[in-house]
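As structure tokens, the structure follows; a few thoughts come after it.
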Amino acid sequence: KSPLPPEPQLAPRAAMAMEIASTPLTGGNPLASPAAKKWAMFTFVMTYVGYAMNHFSRKCYSSTKTLIRDSIGLDAIALSQMDTAFMFMYAIGSIFSGKLGDTFNPAKVEAWGLIWSFVCLLVLLIGVWTSMAPSVAHGVFLVTWLVFGFAQSTGGPCGTTIVGAWFPDKKSRGSLFGFWTTHQYIGNIIAAVVTAIILGQGVTWTWAIIIPAVLNLIDGVAFFSVPATPKEVGIGVDASKPDAAPGSAIGFLDALRIPGVVSYAVAFGGFKLTNYILFFWLPYFLSTNFSPEATQLISTMYDVGMMPGGIIVGYISDLYGGRRACVIATFMAILIPLLFVFAEYSEVMPATVVIIGLLLCGILIGGPNNIITSAVSADLASDPSIGGNTRSLGTVTGIINGSGSIVAAFGLLAVGPLQVHYGWSSVWYLMIGCTLMGTLIMSPTVYKELYHHGAPAAPAPAPTQPRGYQAVRQEDSKA
């Protein structure tokens, strides 16, 4: 008799899912099992790398702006319009990407965003390689950067939704998201270093665009294997009971009614414009006083400072019971005089002082920006006013991030003309005004946290016609 054929080997994802499914539920925390922790770490790393790829792409572009200008013949105003096109569609895309992530699978939405980012960078390269005429390149790149903005918008809302599903602990939410949001600065720093190496070694500068394009494609394909929720791999699911309907994703109007969403969304506009002026224009500004290689390395100091900023704000806000608005307002109040110093003396500062100032700016700007679009959004998405709907985090994150991006998009449109007609000092004063505006808008939330923090919120009204998951829960409670 012929020997029995060998048993087929399970794929890693299927094997881990079987291990989870074979473990009996004991009523404890299903996310505490060893297999669940492996999946949680896998999703954390993949979402971290995915968002880092987004910023790797953007930073490589911003770091080669002057070279793109010289190769194609685009002026500062045309580059400013490209930034505005990107930010405008990024803003719209953030809102709809969050909704798409709550409605469909957020991991697949983010995967397609990475793939389309590759396509847009490829179009930019084709324009450079073919020496496209400036008038044609201007129109083609504007349209391409609109698509690029939408593609890049998927990373924030969808990634936050996935991480929120795998790490639901509210007590450590600030610290966790503070660390997770360092992904963007890792991407920025690696991009600046890679670009500096390419320029320093005399390699064709287009490699600074080719490398992120290819990595976005690879990461996009790999992202299809990311489980968006623990239930996708059998964690927290009792096989003896039929699956409950997941319920409907929260609507935009319902999300806007959540206390604090509108004020954070408007305030974040001012903060994000300040951040994105430095993100898109800092290398361009530094290039007026430093060599291309020094410009890339000095500009990374801003990103280096932003990395610990989110961790510091997250940890302090966790330490003080989730009073995140108070910590954010404190950081912004310290930032304003520092921006004033740059406005008056940035063009005569020695390199050492510029580096120290950019490090401090990174900490003070990065901390609030990181926490608002992660831990703050998660806090708001768990507000009692939405009755425990778990499919709301992407929409809330998208509204806040998208609203901030809309303000940043129109604000970036003013940077080019301001810089040309009034000098860089006027740009720094624009950042001061944006920071002050955002801080003042947050003042009612700060007051509430100082004097009414922990007050019980009004419960959500009972729905007249319960549907989906809520309906199943109510039927189970009556049984």
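The values are calculated or read from the model by the stated rules, or taken from the named source; none is laboratory data. Computed from a prediction, not measured in an experiment: that's the story for all the values here. Glycine also receives a Cβ, built like all others from the backbone with ideal geometry; neighbour counts cover every protein chain displayed. Please note that ligands, DNA and RNA were not included when accessible areas were found on the heavy atoms of the full protein model with its side chains. Shrake-Rupley method; radii C 1.70, N 1.55, O 1.52, S 1.80 Å.
Inspect the stretch 324-331 for any residue being open to solvent by less than 10 Å² (accessible area, probe 1.4 Å) and among the hydroxyl-bearing types (Ser, Thr, Tyr) and give the result as yes or no.
no
Do you know which residues across the stretch 196-238 are among the acidic types (Asp, Glu) and modelled with pLDDT under 85?
So in the stretch 196-238, the residues among the acidic types (Asp, Glu) come out as 219, 232, 238.
Once the filter is applied, which keeps residues that are among the acidic types (Asp, Glu) and modelled with pLDDT under 85, the stretch 196-238 yields only Asp238.
Out of all the residues in the stretch 21-41, which are at pLDDT 80 or above, within 19 Å of Gly159 (Cβ to Cβ) and open to solvent by less than 70 Å² (accessible area, probe 1.4 Å)?
Passing the criteria: Trp39, Ala40.
What number of residues in the stretch 167-190 are open to solvent by 40 Å² or more (accessible area, probe 1.4 Å) and either at pLDDT below 85 or within 29 Å of Ala208 (Cα to Cα) (or both)?
8
Taking Ser426 as meeting all but one of (1) free of Cβ contacts under 8 Å to residues at least 12 places away in the same chain; (2) touching a Cys at 6+ places or on another chain (Cβ under 7 Å), write down the number of the exception.
It is condition (2) that Ser426 fails.
Mind checking whether some residue in the stretch 383-395 is of a type in the set (Ser, Thr, Tyr), at pLDDT below 85, within 25 Å of Gly156 (Cα to Cα) and not in a helix (DSSP H, G or I)?
Yes, some residue in the stretch 383-395 is of a type in the set (Ser, Thr, Tyr), at pLDDT below 85, within 25 Å of Gly156 (Cα to Cα) and not in a helix (DSSP H, G or I).
Scan (1) under 19 Å from Thr160 (Cα atoms); (2) at pLDDT 85 or above for the single condition Pro259 breaks and write down its number.
Here Pro259 meets the rest and fails (1).
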